[in-house]
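What follows is a set of notes on a single structure, which appears directly below.
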């Protein structure tokens, strides 16, 4: 599997997990219209999900992860 595909897959996986947790978690406790709940969950997941990217350095490719909870990107 290419690193570009791994980065795309990890970005999707991080977003999807947070989206589903927020969507069903908040929907279970609070009565909110489904459209607003889905929009809110998408915004929440977009902001909090870790971002994965490929960095090309001296001919080498590295998979890096950045989150709002970390100061600097880390190599995966």
- Report the full-extension gain for the segment residue 17 to residue 47: residue separation times 0.36 nm, less the Cα-Cα distance, to one decimal in nm. 9.5 nm
- Task: Please state, rounded to one decimal and in Å, the Kirkwood hydrodynamic radius that the range 1-42 gives when every pair of distinct Cα atoms enters the mean of 1/r.
- Result: 11.3 Å
- Under a plain spin-label model, where a point goes 7 Å from the Cα along Cα-to-Cβ, how far apart in nm are residue 32 and residue 76? 2.7 nm
- Task: Using only Cα atoms, find the angle between the long axis of helix 34-48 and the longest principal axis of the chain, and express it within 0 to 90 degrees, rounded to the nearest 10.
- Result: 30 degrees
- Query: Once all Cα-Cα distances of the chain are split into 5 Å bins that start at 0, what whole-number percent is in each one?
  - Reply: 3, 16, 20, 18, 14, 11, 8, 5, 2, 1, 0
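For the chain, calculate the relative contact order in percent as a whole number, restricting contacts to Cα pairs under 8 Å that are 6 or more residues apart. Display every interim value, and only then the final one.
Values: 83 pairs, mean separation 22.4, N = 76.
So the answer I get is 30 percent.
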- Query: Taking Cα atoms, how many degrees apart are the long axis of helix 3-29 and the longest axis of the chain, rounded to 10 and kept between 0 and 90?
  - Reply: 20 degrees
- So how far, in whole Å, is the C-alpha centre of the range 1-26 from the one of the range 47-76? 15 Å
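Laboratory data are not the source of any read-out in this text; all were calculated from the coordinates shown. Note that this is a predicted model, so its numbers are computed, not measured. No Cβ is skipped: glycine too gets one built from the backbone with ideal geometry, and neighbour counts run over all protein chains shown.
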